[in-house]
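The values are calculated or read from the model by the stated rules, or taken from the named source; none is laboratory data. These figures come from a predicted structure and were not determined experimentally. Every residue, glycine among them, receives a Cβ derived from its backbone with ideal geometry; neighbour counts consider all protein chains shown.
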Amino acid sequence: MSKYSICASILFGICASVASPIASAQGDEDFFVRNKYQAVTDRAQPEFDPLPIDLGGFEATPELGFAAGFTSNLFALSENEIDDTFVGFAPRVSVDSKWGRHALGFSAVVDHLEYSDTSSESRTNINLQGNARIDVSSAVFLFGGVQFDDLTEPRSNIASVQGADEPVENTRAGVEAGLQYEAGRIRIRGAVGLETFDFDDIELSNGLIQDQDFRDRDRTTINARVSYAVERDWALFAEAVHSQSDYDPPNIFNAFNRDFDTTTLRVGTDFELASLVRGDIGVGYLQSEYDDASFTDVDGLSIDGNLQWFVSQLTTISAAARRSVIDPGLATTSAAIDSGVSVRADHELRRNVIINGQVRFTNFDFENIDRDDDRYSVGAGATWKLNPNIWIDGSYEYTDQSSNVQDFSENRFLIGFRIFP
């Protein structure tokens, strides 16, 4: 039995033993509900919100999205920038159960962009998701999900290959299963996930093929969180996440064994305070160990947090921060530290008009190679809800990246409308 099978058995064994009938009794008070306040974008507006289609035990919410836009730097270049206009079409649908117990849901999105002058950059992204919950008792439920993505990487991606005729396309398939136990002041949640990533090779402008198989991998992730509610609106937690990434073996295009394990341990708090603030913040330690001696192991601070401030019923300010290790998708290194912070404000200008503004900063600190990227972006947007069947959206975003490898800046405008049949 592999170490991952052992870890999974221990994880679910602990959860199952704690969730025994003897311990399943709990009071009427729920110490982990965080719903005193509503964000502007989440507030129900019956006169403007789309009406789901009744399907008996299910309800469906279909949507058709149309958009037109402009980018000032389609290829994310530092010089000789190329601008272009585009149109987009994005049908989507979600179907969710209305059962009193258990839950089942599905969603599908097809997002197509067609560029006016540069057909090589036109792309179609697909996302399919399914999820389920089985309520075993008032204290225990099982959950699971499946996901499939067929994606095209934007030219601004840190793994983008300069000089490629087309952007990199890839698929991702994943499945997750887990268990949550909650009784009184205790909550325990654990899950196991499996993901497969597959990247297509690309052709360069000189006719050569750039191999991307070195990015293909299977990833197994085990995570667990134990929370204790000190008070009704404040809980402390400890969590552990362990993942193993198994890559295709080294070949003529890939001289390295890129397999690695990452372990992250965090402690933190989730809360909803009387001062109109809600959040979930975890801080701890991460370590990534690589099988190939050519790659240096990485360790350091881990951060994963989000915060919402409900300034008033009309304004919500959200903030997020993270620090983690990622695979940047480059042949010369398998690790980069991804550190980022973001702040967003949403304001209800009128009952059916919501405006927003946001600022983001991301630093990519690459291991084993001399590269460091700082990326800033600032943007603003608005949503005008004409009625339950038609919404109009508009947005602007400016992005600037400072790097010793790929400097670029981009202005991006978008206007579109959504139809809810």
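Does region 268-292 hold any residues that are over 15 Å from residue 324 (Cα atoms) and not charged (D, E, K, R), and which are they? Correct list: 268, 269, 271, 273, 274, 275, 276, 277, 279, 290. The residue that is farthest from residue 63 (Cα to Cα), counting only those in region 354-381 that are crowded, with 17+ Cβ neighbours inside 10 Å and hydrophobic (A, V, I, L, M, F, W, C), is 366.
Could you list all residues from region 213-240 that are closer than 23 Å to residue 159 by Cβ and either among the basic types (Lys, Arg) or modelled with pLDDT of 95 or more (or both)? 215, 217, 218, 219, 220, 221, listed by residue number. I want to confirm something. Restricting to region 291-344 and keeping residues that are among the small types (Gly, Ala, Ser), within 19 Å of the chain's Cα centre (by Cα) and within 26 Å of residue 36 (Cα to Cα), which single residue is surrounded by the most Cβ atoms within 10 Å (Cβ to Cβ)? Per the stated criteria, the residue is 318. Among the conditions (1) closer than 30 Å to residue 401 by Cβ; (2) surrounded by 16 or more Cβ atoms within 10 Å (Cβ to Cβ), the only one that residue 78 does not satisfy is (2).
So residue 90 clears everything in (1) modelled with pLDDT under 95; (2) within 30 Å of residue 383 (Cβ to Cβ); (3) of a type in the set (Gly, Ala, Ser) except one condition, right? Which one? Residue 90 satisfies all of (1) modelled with pLDDT under 95; (2) within 30 Å of residue 383 (Cβ to Cβ); (3) of a type in the set (Gly, Ala, Ser) except (1).
Across region 262-290, the qualifying residues are those that are hydrophobic (A, V, I, L, M, F, W, C) and not in a strand (DSSP E or B), and the one among them that is surrounded by the most Cβ atoms within 10 Å (Cβ to Cβ) is 276. Pairing residues of region 226-252 that are within 19 Å of residue 305 (Cα to Cα) and without any contact (Cβ under 8 Å) to a residue 60 or more places away in the chain with residues that are polar (S, T, N, Q) and part of a strand (DSSP E or B), at Cβ distances under 6 Å and at least 6 apart in sequence or on separate chains, gives 236/269; 237/227; 241/223; 241/264. For the subset of region 394-421 comprising residues that are in contact (Cβ under 8 Å) with a residue 60 or more places away in the chain and farther than 20 Å from residue 81 by Cα, which member is surrounded by the fewest Cβ atoms within 10 Å (Cβ to Cβ)? Among them, the one singled out is 421.
Sort out which residues of region 161-215 are under 23 Å from residue 130 (Cβ atoms) and among the small types (Gly, Ala, Ser), and write them in order of number. Matches in region 161-215: 173, 174, 177, 178, 190, 191, 193.
Taking the options 148, 141, name whichever one is of a type in the set (Phe, Trp, Tyr) and surrounded by 17 or more Cβ atoms within 10 Å (Cβ to Cβ).
Result of the check over 148, 141: 141.
Examine region 246-261 for a residue that is assigned to a strand (DSSP E or B) and β-branched (Val, Ile, Thr), and state whether such a residue exists. Scanning region 246-261 turns up no residue that is assigned to a strand (DSSP E or B) and β-branched (Val, Ile, Thr). Checked against the criterion of being under 17 Å from residue 144 (Cβ atoms), part of a strand (DSSP E or B), touching a residue at least 12 places away in the same chain (Cβ under 8 Å) and in contact with a helix residue (DSSP H, G or I) (Cβ under 9 Å, 6 or more places away or on another chain), region 213-220 has at least one qualifying residue. Note on region 113-135: residues that are crowded, with 16+ Cβ neighbours inside 10 Å and either touching a Gly at 6+ places or on another chain (Cβ under 9 Å) or more than 30 Å from residue 165 (Cα to Cα) (or both) amount to 6.
Would you point out the residue of region 171-212, among those that are part of a strand (DSSP E or B) and among the polar types (S, T, N, Q), that is nearest to residue 236 (Cα to Cα)?
Taking region 171-212 and keeping what is part of a strand (DSSP E or B), we get 171-183, 186-199, 202-204, 209-210.
Imposing the further condition that a residue be among the polar types (S, T, N, Q) reduces the set to 171, 180, 196, 210.
Values: 171: 37, 180: 16, 196: 33, 210: 48 Å.
Looking at residues that are part of a strand (DSSP E or B) and among the polar types (S, T, N, Q), I get 180.
Could you list, in sequence order, the residues of region 119-150 that are under 21 Å from the mean Cα position of the chain (by Cα) and more than 29 Å from residue 58 (Cα to Cα)?
Going through region 119-150, the residues under 21 Å from the mean Cα position of the chain (by Cα) turn out to be 123-133, 143-150.
Within region 119-150, 123 is the sole residue that qualifies.
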